[in-house]
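Input: a single structure, listed below in structure tokens.
The values are calculated or read from the model by the stated rules, or taken from the named source; none is laboratory data. Being a predicted model, the structure only gives us computed values, none of them experimental. Every residue, glycine among them, receives a Cβ derived from its backbone with ideal geometry; neighbour counts consider all protein chains shown.
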Amino acid sequence: MRLRDKHGRFITDLRVSITDRCNYKCVYCRTGNEGAQYAELPFADYLRMVRLFVELGIEKVRLTGGEPLLRAGLVDFVRQLAQLRTLDGEALDLAITTNGHLMEDMAEPLKKAGLRRATISMDAVDAEKFARITRVPNGYESVLAGIRAAKRAGLEPVKVNCVLLRGFNEDQIAEFARFSREEGVVVRFIEFMPLEEDRVWSPEVVVTMDEILARLNEFRPVRQLPNAPSETARRYTFDDGKGEIGIIAPVSHPFCGHCSRVRLTSDGKVRTCLFSLLDHDLAGRMHRGASDRELIDYLGSVVGQKEERHHIGEAGFIKPSRSMVHIGG
Ligand code: SAM
């Protein structure tokens, strides 16, 4: 059986949060006062749950958090995940999303263990602006070193995620375009979503795709690149083909109709949408002794009920029960 929801979407992409601890306090994500709120499970538990998902057609697994590089034992876990095979007998497409602070020393061991790709979050290419957003002094140099180490290790394509916030970093768009061209990385601008611990989000703070494109075109003319249907980012390059920019626009141009994702939180709950109001306790069932068969049936029914779409910006929008750092972005 392959996971498919009642709207006909095949689910092939699993994000696994392995901790909700984080060493950064990004203004659009955390309050800076609250720490971890949910349990972390032993890696053996995540491994069993991922294996069950893979038996149901998952082909891509992305490790995230919180900050995944904070978890001791990560390299061994990646080595075990790399042994799993998809229903077609292929190795998994294994990736990580990290703030990159600890990546400089970990890129090479992670690559050797079987990690394929890395996405590193960096919200400014200016050390002071970076510190204002992350609320951590002197992080910029570490993250830059982490990005370069990921490239050297071959965790390609290295993607750099930037959440744009009006009043903080919307003046960084052209600088990031330059960064993509000089460093040979894909820069992806993400529209700010209402998933923060604090109450910061308003439509006015969101820097939309149209505005990003206008600013990029002022820097240098852009042209669109082809997309895979389930890809969240619209891809662009410049007139000379140098550099790549992705724009992820869940607020102004939602892509729910092509969503192929499901998430597992650090405490082992399945979330079928970032904006779900409920989560589903897979680990609880597992700890109470459910068999693989029972867990597979459970996953089939839970994923079948995946929400059709999110309702950001609509009257009656209800903020989800967990914020991004506690879901796994
Ligand atoms: N700590 C890792 C990191 O910084 O990439 C992984 C977890 S973080 C929650 C995953 C991604 O979610 C990051 O790229 C971050 O910028 C993004 N993110 C967090 N809160 C967001 C929000 N409210 N809207 C859009 N993206 C957000």
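Which members of segment 215-229 meet the condition of being in contact with a strand residue (DSSP E or B) (Cβ under 7 Å, 6 or more places away or on another chain) and hydrophobic (A, V, I, L, M, F, W, C)?
Within segment 215-229, L216, V222, L225 meet the criteria.
What about F53, is it among the hydrophobic types (A, V, I, L, M, F, W, C) and touching a Phe, Trp or Tyr at 6+ places or on another chain (Cβ under 8 Å)? Can you show your working first?
Working: among the hydrophobic types (A, V, I, L, M, F, W, C): yes; touching a Phe, Trp or Tyr at 6+ places or on another chain (Cβ under 8 Å): no.
Taking the combined requirement at face value, the residue does not satisfy it.
Which of the residues that make up segment 215-248 are modelled with pLDDT of 90 or more, touching a Lys or Arg at 6+ places or on another chain (Cβ under 7 Å) and within 24 Å of K60 (Cα to Cα)?
L225, A233, Y236, E244, G246, I247, I248
Filter segment 65-94 down to residues that are more than 25 Å from I327 (Cβ to Cβ) and among the charged types (D, E, K, R), then give me how many there are. Before you say what the answer is, go through the steps one by one.
Initially, segment 65-94 is screened for residues more than 25 Å from I327 (Cβ to Cβ), giving 79, 83, 85, 87-91.
Checking which are among the charged types (D, E, K, R) leaves us with 79, 85, 88, 90.
Final tally of qualifying residues: 4.
Only residues in segment 300-329 that are farther than 26 Å from L56 by Cα count as the first member; pair them with residues that are in a loop (DSSP other than H, G, I, E, B) and away from the ligand (no atom under 16 Å from the Cβ), Cβ under 6 angstrom, at least 6 apart or cross-chain, and list the lot.
S321/L277
Inspect segment 201-215 for any residue being buried (at least 21 other Cβ atoms within 10 Å of the Cβ), in contact with a helix residue (DSSP H, G or I) (Cβ under 9 Å, 6 or more places away or on another chain), in a strand (DSSP E or B) and free of Cβ contacts under 8 Å to residues at least 60 places away in the same chain and give the result as yes or no.
First, pick out the residues of segment 201-215 that are buried (at least 21 other Cβ atoms within 10 Å of the Cβ): 206-207, 212.
The next check asks that each one be in contact with a helix residue (DSSP H, G or I) (Cβ under 9 Å, 6 or more places away or on another chain); those that pass are 207, 212.
Imposing the further condition that a residue be in a strand (DSSP E or B) reduces the set to none.
Checked against the condition, which is being buried (at least 21 other Cβ atoms within 10 Å of the Cβ), in contact with a helix residue (DSSP H, G or I) (Cβ under 9 Å, 6 or more places away or on another chain), in a strand (DSSP E or B) and free of Cβ contacts under 8 Å to residues at least 60 places away in the same chain, segment 201-215 yields no hits at all.
Please list, ordered by first then second residue, the pairs with beta carbon atoms under 9 Å, 6 or more apart or interchain, first in segment 183-195 and over 20 Å from M324 (Cα atoms) and assigned to a loop (DSSP other than H, G, I, E, B), second near the ligand (Cβ under 10 Å from one of its atoms) and among the basic types (K, R).
Qualifying pairs under 9 Å: V185/K159.
Given the criteria within 19 Å of the chain's Cα centre (by Cα) and either at pLDDT 95 or above or within 14 Å of the ligand (Cβ to nearest atom) (or both), does L87 qualify? Spell out how you get there, then give the answer.
Values: within 19 Å of the chain's Cα centre (by Cα): no; either at pLDDT 95 or above or within 14 Å of the ligand (Cβ to nearest atom) (or both): yes.
The answer is no for L87.
Please work out if D20 is surrounded by fewer than 19 Cβ atoms within 10 Å (Cβ to Cβ) and either modelled with pLDDT under 95 or assigned to a helix (DSSP H, G or I) (or both). First the steps, then the outcome.
Values: surrounded by fewer than 19 Cβ atoms within 10 Å (Cβ to Cβ): no; either modelled with pLDDT under 95 or assigned to a helix (DSSP H, G or I) (or both): yes.
Judged against the criteria, D20 is not a match.
For residues that are surrounded by fewer than 15 Cβ atoms within 10 Å (Cβ to Cβ), in contact with a helix residue (DSSP H, G or I) (Cβ under 8 Å, 6 or more places away or on another chain) and in a loop (DSSP other than H, G, I, E, B), tally how many sit in segment 127-153.
Residues meeting the conditions: 2.
When only residues in segment 23-55 that are in a loop (DSSP other than H, G, I, E, B) and among the β-branched types (V, I, T) count, which is farthest from K129 (Cα to Cα)? Don't jump to the end; show me each part of the working.
Quick first cut of segment 23-55, residues in a loop (DSSP other than H, G, I, E, B) only: 23-42.
Then drop every residue that is not among the β-branched types (V, I, T), which leaves 27, 31.
Details: V27: 12, T31: 18 Å.
Applying the filter and picking the extreme gives T31.
Can you give me the number of residues within segment 90-117 that are in contact (Cβ under 8 Å) with a residue 24 or more places away in the chain, away from the ligand (no atom under 16 Å from the Cβ) and part of a strand (DSSP E or B)?
Counting residues in segment 90-117 that are in contact (Cβ under 8 Å) with a residue 24 or more places away in the chain, away from the ligand (no atom under 16 Å from the Cβ) and part of a strand (DSSP E or B) gives 1.
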